[in-house]
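Undergrad: Just passing along the structure, written as structure tokens.
The values are calculated or read from the model by the stated rules, or taken from the named source; none is laboratory data. Not measured: the values here are computed from a predicted model. Cβ: placed from backbone, ideal geometry, glycine included. Neighbour counts: every protein chain shown.
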Amino acid sequence: MNAPARTLELGRVGESVKRVDAIPKVTGEFAYSSDLFAAGMLWGHTVRSPHAHALIEEVDISEAVGMAGVHAVLTHTDVPGAKAYGLEFADQPVLAIERVRYFGEPVAIVAAEHPEQARRAAERIRVAYEPLEPVVDPERATEQEPIHDGRPTAGHGFRDDPRPNVVRSIVIRHGDPDAQGEVTVSGVYELGIQDQAFLGPESGLAVPDGEGGVDVYVATQWLHVDRDQVAPCLGLDPEQVRIHLSGVGGAFGGREDLSMQIHASMLALHTNRPVKMVYNREESFVGHIHRHPAKIWMEHRAKRDGKLVNVRARILLDGGAYASSSAAVTANASAFACGPYAVENALVECACVYTNNPPCGAMRGFGAVQSCFAHEAQMDKLGAELGMDPVELRLRNALAPGDSLPTGQKITGSFPAAEVIRRAAALPIPEPEELPRDALRLPGGSGNTTRGEGVRRGVGFAVGFKNVCYSEGFDDSTAARVRLAASDDGIAAVVHCAAAEVGQGVVNVILQTARTELDLDEVVLGSATTSSVGSAGSASASRMTWMAAGAVQLACRAAKDELERRGGDLEHGETIDVERVYHHRPTTPLDRETGQVTGDGAHVAYICAAMRVVAEVDVELGLTRVVWIGTAQDVGKAVNPQAVYGQIEGGIAQGLGLALMEEIQTQDGLITNASFTDYLIPTTLDMPPVEAQLVEEPEPDAPYGVKGVGEPPTVVSTAAVASALRDATGRQLTRVPVRPDEIVGLP
Amino acid sequence: MRVELTVNGERREADAWAGESLLYVLRERLGLPGSKNACEQGECGSCSVLLDGRLVCACLVLAAQADGHELVTVEGLGEEAGLHPVQEAFAETGAVQCGFCTPGFVVATADLLARNPRPSDDEIREALSGNLCRCTGYAKIFDAVRLAAGS
């Protein structure tokens, strides 16, 4: 375990500093988006489709409109502006028009005095559906009727793929895709649908400003992109829609897309009263996108000495009914399909398809999780085929600065893949614990299902990587504003940045950076809102630490320069107020035919992690217990080491969940386990001790050499846990989450 | 209907609809949103409160059932002098990320340490297994419990 660090209150970059929001969060005072209240507030509720695919023949609201306490019942005809929105493509109706394409799609909205009145009114809205055959098998989707008219994602510089229901397809051809090796291993791998399962449900409060505009207090990952989607649908100018960050109860990608923002705003503008919406857990499962389920075919060709010659991969992602960020996930799954290994020849074909299954989009790891599970299973298989130690095999192929990815992009920054492999492999694993022992420390735990008979132990290893920041030509810049004023003790600073604090601790990154740059303790963080500062970009893609630190650093340096110009001091009442925008180095799209980089390259930088896992399985019952996890992670520079360890431990838990228990189950497109009773996430009894090592090789382009830390633990832990179960059982275990059925019955 | 209860040492009254849970009344009628609503079926522990000294999920208790009883919520856990030692420990060890589960964990941990001041690691894991956290992977929560137990 990682020793708890004593924290500072007002530390600088590189020090463990207590979260600035820690005290309000432990006392219950911190206001999350579901805690908000305004005088005269109404409650909103959403009517959702019970079908995965159906035509809407009629929506009859007459009965609901007259019910006690009901102030508004709205359908798509009441959407004042653009009828559809989307992160990358506006293919998702604000409220369904003529057709519903997934289970839980919003059809109508209600506002009432009491949430129960709103729920009951929603039940009285009569929607006549004509069910259609749902497209639910992604392998057949490209041969079935298109679920969208036209081609919502065509014409965006993507490879032309004329098959129906293709969101995006990518082909990467690198070297000689027919190159032969001396040894070949192949496999087919599958991953179920994972949910972000953040604890704070989708929620927020919309307050009309009395002049036709609206203030929206909400839990989101990117304030400005919310505004840029909300305003057109309300038929308002961006300045009339002010989005303010409320307390965010976790995100993990699930708050990149809009949920209740437009709906609550419509109800608020219609009733001229504040409207609060809070999803319950069941609704939350249909209220946001999920991690793409995937099927992956892979073939690895290698020399006898273990050197990879050629990797051939075919990846199929189920994007569900709307595009969300599927196009970018497709790019990631493709670009990282071969793992952090130097491969001279590769052929990667990846397609994401529309279906009537739950819509999928961003979740921590963003396409790299799926690929990592497959390429690491393949590396284990290759090691076994060659009789070579799995760590040695990975070291022999480890990608390094100067090497190229299969996209042709050369690694120019820091990339200590070999070092994380060595460091993780060197962590001593715990000795097997003697029997008898407390049932809590056996598979099955307090269920008391075994005394240790039938329990086998395995050790697994995996390596994974992904990109930091947005890619393929996207300029996801970050603005920060610094205001200096005279105070009784000298100079005090207020920093504004719209970076979304989702739990990761970016508030501390901002403050620690400002204190470091200004050499000042007196720094206060302004609230994150679209009305006081420019866009921060998204709290996604492991980018927010890098980008926020970059922007705050620029703004602080500009403020200091100005202070110096004014003689180094400020009179009472005199202020300096500067805003600066930080850009990462430019990137360019992949060639649409070959998947090879053009211009500057598709990615900004890369981050990697290696992990060692000890697990036990009960082969009588198929139950598992992860005993210990050790990891080494490439972090560039740890701005707040305590928070970095926290990201690693938490990220590992989510990957462990996907390996062992987390899956949204569907039947003909309908979700059948939308609750925490039926969708399981790891508890205190599921998580083993984690020993983490930080590998700090500074990124040359980045402020202080930082990289990102949120995603690599999740990318690699699913693969590493599965690897340990394979070692324990000797079985292939090609699908996650691994089911008890796949473990039981060993001789 | 009228509900009268003692919350954090104070007599409180609320007008509630008969179907309202104790959690709803605390959050929406008594101005105490510290107890969180994350699953409404007793799976996540985010709404943990002490009802007559017993740890319960406020989402599973009807407000009417709490009529005449005594409650402690996360807002009432601290002492006059400041934070409860469990709250101090959670802030100190980095056990808080998004913090949505924190009120529930803090109340459950305070309850554990009141019953068992020096819990073993297995006892900590078992006692807190009814509280879900999606951010931390629990490691720093265990650090917090150990720190609070030692203080």
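Undergrad: Only one of these is acidic (Asp, Glu), closer than 28 Å to A:ILE147 by Cα and surrounded by fewer than 23 Cβ atoms within 10 Å (Cβ to Cβ): A:GLU392, A:GLU349. Name it. Don't jump to the end; show me each part of the working.
TA: Working: A:GLU392 fails: closer than 28 Å to A:ILE147 by Cα.
Criteria check complete, one pass: A:GLU349.
Undergrad: Is it fair to say A:ARG735 is more than 14 Å from every other protein chain (Cβ to nearest Cβ), closer than 27 Å to A:SER446 by Cβ and among the charged types (D, E, K, R)? It would help to see each step written out before you state the result.
TA: Details: more than 14 Å from every other protein chain (Cβ to nearest Cβ): yes; closer than 27 Å to A:SER446 by Cβ: no; among the charged types (D, E, K, R): yes.
The answer is no for A:ARG735.
Undergrad: Which of (1) touching a residue at least 12 places away in the same chain (Cβ under 8 Å); (2) surrounded by fewer than 16 Cβ atoms within 10 Å (Cβ to Cβ) does A:ALA426 not meet, given it meets every other one?
TA: Condition (1) is where A:ALA426 drops out.
Undergrad: Among (1) in a strand (DSSP E or B); (2) closer than 29 Å to A:ASP228 by Cα, which single condition is A:ILE576 missing?
TA: (2)
Undergrad: Give B:VAL106, B:VAL96, B:VAL56 a once-over and let me know the one that is β-branched (Val, Ile, Thr) and not assigned by TED's automatic domain parsing to the domain that holds B:ILE141. Walk me through it before giving the result.
TA: Details: B:VAL106 fails: not assigned by TED's automatic domain parsing to the domain that holds B:ILE141; B:VAL96 fails: not assigned by TED's automatic domain parsing to the domain that holds B:ILE141.
Among B:VAL106, B:VAL96, B:VAL56, only B:VAL56 is β-branched (Val, Ile, Thr) and not assigned by TED's automatic domain parsing to the domain that holds B:ILE141.
Undergrad: Take region A:13-39 and flag every residue that is of a type in the set (Asp, Glu) and free of Cβ contacts under 8 Å to residues at least 40 places away in the same chain. Give the steps one after another, and end with the answer.
TA: Of region A:13-39, the ones of a type in the set (Asp, Glu) are A:15, A:21, A:29, A:35.
Scanning region A:13-39 gives a single hit, A:GLU29.
Undergrad: Determine the pairs where a residue that is without any contact (Cβ under 8 Å) to a residue 60 or more places away in the chain, located within region A:295-323, has a partner that is surrounded by 23 or more Cβ atoms within 10 Å (Cβ to Cβ) with Cβ atoms under 6 Å apart, the partner being 6 or more residues away or on another chain.
TA: Sorted first by the residue in region A:295-323, then by its partner, the pairs are A:ILE315/A:ILE296; A:ILE315/A:ALA333; A:ILE315/A:CYS350.
Undergrad: Here's something else I'd like to know. Looking at B:VAL61, B:VAL74, B:VAL56 in this structure, which one is of a type in the set (Val, Ile, Thr), at the interface with chain A (Cβ under 7 Å from one of its Cβ atoms) and either closer than 23 Å to B:THR136 by Cβ or within 15 Å of the chain's Cα centre (by Cα) (or both)?
TA: Values: B:VAL61 fails: at the interface with chain A (Cβ under 7 Å from one of its Cβ atoms); B:VAL56 fails: at the interface with chain A (Cβ under 7 Å from one of its Cβ atoms).
So the residue among B:VAL61, B:VAL74, B:VAL56 that is of a type in the set (Val, Ile, Thr), at the interface with chain A (Cβ under 7 Å from one of its Cβ atoms) and either closer than 23 Å to B:THR136 by Cβ or within 15 Å of the chain's Cα centre (by Cα) (or both) is B:VAL74.
Undergrad: Run down A:SER265, A:SER259 and say which single residue is within 18 Å of A:LEU74 (Cβ to Cβ) and more than 23 Å from the chain's Cα centre (by Cα).
TA: On the way: A:SER259 fails: more than 23 Å from the chain's Cα centre (by Cα).
After ruling out the rest, the residue left standing is A:SER265.
Undergrad: I want to confirm something. Restricting to region B:77-92 and keeping residues that are aliphatic (A, V, I, L, M) and over 12 Å from the mean Cα position of the chain (by Cα), which single residue is nearest to the other protein chains (Cβ to nearest Cβ)? Lay out the reasoning, then the answer.
TA: Just the residues of region B:77-92 that are aliphatic (A, V, I, L, M), to begin with: B:77, B:81, B:83, B:86, B:89, B:91.
Right, trim to over 12 Å from the mean Cα position of the chain (by Cα) and you get B:81, B:83, B:89, B:91.
Numbers: B:ALA81: 14, B:LEU83: 7, B:ALA89: 9, B:ALA91: 4 Å.
Looking at residues that are aliphatic (A, V, I, L, M) and over 12 Å from the mean Cα position of the chain (by Cα), I get B:ALA91.
Undergrad: Only one of (1) among the aliphatic types (A, V, I, L, M); (2) surrounded by fewer than 24 Cβ atoms within 10 Å (Cβ to Cβ); (3) part of a loop (DSSP other than H, G, I, E, B) fails for A:LEU694. Which number is that?
TA: Just one mismatch for A:LEU694, condition (3).
Undergrad: Hey, another quick one. Any idea which residue in region A:469-490 is farthest from the chain's Cα centre (by Cα), counting only those that are of a type in the set (A, V, I, L, M) and surrounded by fewer than 18 Cβ atoms within 10 Å (Cβ to Cβ)? Don't jump to the end; show me each part of the working.
TA: If we filter region A:469-490 for residues that are of a type in the set (A, V, I, L, M), which is where we start, we get A:479-480, A:482, A:484-486.
The next check asks that each one be surrounded by fewer than 18 Cβ atoms within 10 Å (Cβ to Cβ); those that pass are A:485-486.
Working: A:ALA485: 38, A:ALA486: 41 Å.
Here the residue is A:ALA486.
Undergrad: Considering region A:624-637 alone, what residues qualify as being surrounded by fewer than 24 Cβ atoms within 10 Å (Cβ to Cβ) and of a type outside the set (Val, Ile, Thr)?
TA: A:ARG625, A:TRP628, A:LYS637
Here is a yes/no grid of residues against (1) more than 14 Å from chain B (Cβ to nearest Cβ); (2) touching a Pro at 6+ places or on another chain (Cβ under 7 Å); (3) within 14 Å of A:TYR85 (Cα to Cα); (4) in contact (Cβ under 8 Å) with a residue 24 or more places away in the chain:
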{"position": "A:GLY213", "(1), (2), (3), (4)": "yes, no, no, yes"}
{"position": "A:VAL218", "(1), (2), (3), (4)": "yes, no, no, yes"}
{"position": "A:GLN229", "(1), (2), (3), (4)": "yes, no, yes, yes"}
{"position": "A:CYS233", "(1), (2), (3), (4)": "yes, no, yes, yes"}
{"position": "A:HIS244", "(1), (2), (3), (4)": "yes, no, no, yes"}
{"position": "A:VAL248", "(1), (2), (3), (4)": "no, no, no, yes"}
{"position": "A:PHE252", "(1), (2), (3), (4)": "no, no, no, yes"}
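Undergrad: Are any residues in region A:28-50 more than 19 Å from A:ARG119 (Cβ to Cβ), within 8 Å of chain B (Cβ to nearest Cβ) and not hydrophobic (A, V, I, L, M, F, W, C), and if so, which ones?
TA: Those that are more than 19 Å from A:ARG119 (Cβ to Cβ), within 8 Å of chain B (Cβ to nearest Cβ) and not hydrophobic (A, V, I, L, M, F, W, C): A:GLY28, A:GLU29, A:TYR32, A:ASP35.
Undergrad: Within region A:335-348, work out how many residues are in contact with a helix residue (DSSP H, G or I) (Cβ under 8 Å, 6 or more places away or on another chain) and either assigned to a strand (DSSP E or B) or closer than 25 Å to A:VAL135 by Cα (or both).
TA: First, pick out the residues of region A:335-348 that are in contact with a helix residue (DSSP H, G or I) (Cβ under 8 Å, 6 or more places away or on another chain): A:336-343, A:348.
Now narrow it down to the ones that are either assigned to a strand (DSSP E or B) or closer than 25 Å to A:VAL135 by Cα (or both): A:341, A:348.
Residues meeting the conditions: 2.
Undergrad: Specify the residue that is surrounded by the most Cβ atoms within 10 Å (Cβ to Cβ); the eligible residues are those in region B:15-72 that are without any contact (Cβ under 8 Å) to a residue 60 or more places away in the chain and of a type in the set (Val, Ile, Thr).
TA: B:VAL49
Undergrad: Still on this structure: Of all the residues that make up region A:12-27, how many are more than 8 Å from every other protein chain (Cβ to nearest Cβ) and of a type in the set (A, V, I, L, M)?
TA: Adding up the residues that qualify gives 3.
Undergrad: Can you tell me which of A:GLY630, A:GLY646, A:GLY636, A:GLY650 is in a loop (DSSP other than H, G, I, E, B) and modelled with pLDDT of 95 or more? Show your work before the answer.
TA: On the way: A:GLY630 fails: in a loop (DSSP other than H, G, I, E, B); A:GLY646 fails: in a loop (DSSP other than H, G, I, E, B); A:GLY650 fails: in a loop (DSSP other than H, G, I, E, B).
Result: A:GLY636 is the single residue among A:GLY630, A:GLY646, A:GLY636, A:GLY650 that is in a loop (DSSP other than H, G, I, E, B) and modelled with pLDDT of 95 or more.
Undergrad: Does at least one position in region B:119-129 carry a residue that is without any contact (Cβ under 8 Å) to a residue 12 or more places away in the chain and more than 8 Å from chain A (Cβ to nearest Cβ)?
TA: Step one: filter region B:119-129 for residues without any contact (Cβ under 8 Å) to a residue 12 or more places away in the chain, giving B:120, B:122-123, B:126, B:129.
Applying the additional criterion that residues be more than 8 Å from chain A (Cβ to nearest Cβ) yields B:120, B:123.
Yes, region B:119-129 contains a residue that is without any contact (Cβ under 8 Å) to a residue 12 or more places away in the chain and more than 8 Å from chain A (Cβ to nearest Cβ).
Undergrad: Can you say whether B:ALA95 is in contact (Cβ under 8 Å) with a residue 40 or more places away in the chain, buried (at least 24 other Cβ atoms within 10 Å of the Cβ), of a type outside the set (Asp, Glu) and at the interface with chain A (Cβ under 7 Å from one of its Cβ atoms), as far as the supplied structure shows? Before the answer, list the steps.
TA: On the way: in contact (Cβ under 8 Å) with a residue 40 or more places away in the chain: yes; buried (at least 24 other Cβ atoms within 10 Å of the Cβ): yes; of a type outside the set (Asp, Glu): yes; at the interface with chain A (Cβ under 7 Å from one of its Cβ atoms): no.
In short, no.
Undergrad: Given A:TYR645, A:TYR704, which one is in contact with a Lys or Arg (Cβ under 9 Å, 6 or more places away or on another chain), aromatic (Phe, Trp, Tyr) and away from chain B (no Cβ under 11 Å)?
TA: On the way: A:TYR645 fails: away from chain B (no Cβ under 11 Å).
After ruling out the rest, the residue left standing is A:TYR704.
Undergrad: Which of the residues belonging to region B:30-51 are more than 11 Å from chain A (Cβ to nearest Cβ) and over 14 Å from B:ALA108 (Cα atoms)?
TA: B:LEU30
Undergrad: Could you check region A:653-685 and list, in sequence order, the residues that are within 12 Å of chain B (Cβ to nearest Cβ) and either of a type in the set (A, V, I, L, M) or in a strand (DSSP E or B) (or both)?
TA: A:ALA653, A:LEU656, A:ALA674, A:LEU680, A:ILE681, A:LEU685
Undergrad: Is it the case that some residue within region A:364-382 is assigned to a loop (DSSP other than H, G, I, E, B), crowded, with 24+ Cβ neighbours inside 10 Å and either assigned by TED's automatic domain parsing to the domain that holds A:VAL218 or among the polar types (S, T, N, Q) (or both)? Explain how you work it out, then say what you get.
TA: Step one: filter region A:364-382 for residues assigned to a loop (DSSP other than H, G, I, E, B), giving A:364-367.
With the extra rule that they be crowded, with 24+ Cβ neighbours inside 10 Å, the set shrinks to A:364-367.
After this cut, where a residue has to be either assigned by TED's automatic domain parsing to the domain that holds A:VAL218 or among the polar types (S, T, N, Q) (or both) as well, the list is none.
Checking region A:364-382: not a single residue is assigned to a loop (DSSP other than H, G, I, E, B), crowded, with 24+ Cβ neighbours inside 10 Å and either assigned by TED's automatic domain parsing to the domain that holds A:VAL218 or among the polar types (S, T, N, Q) (or both).
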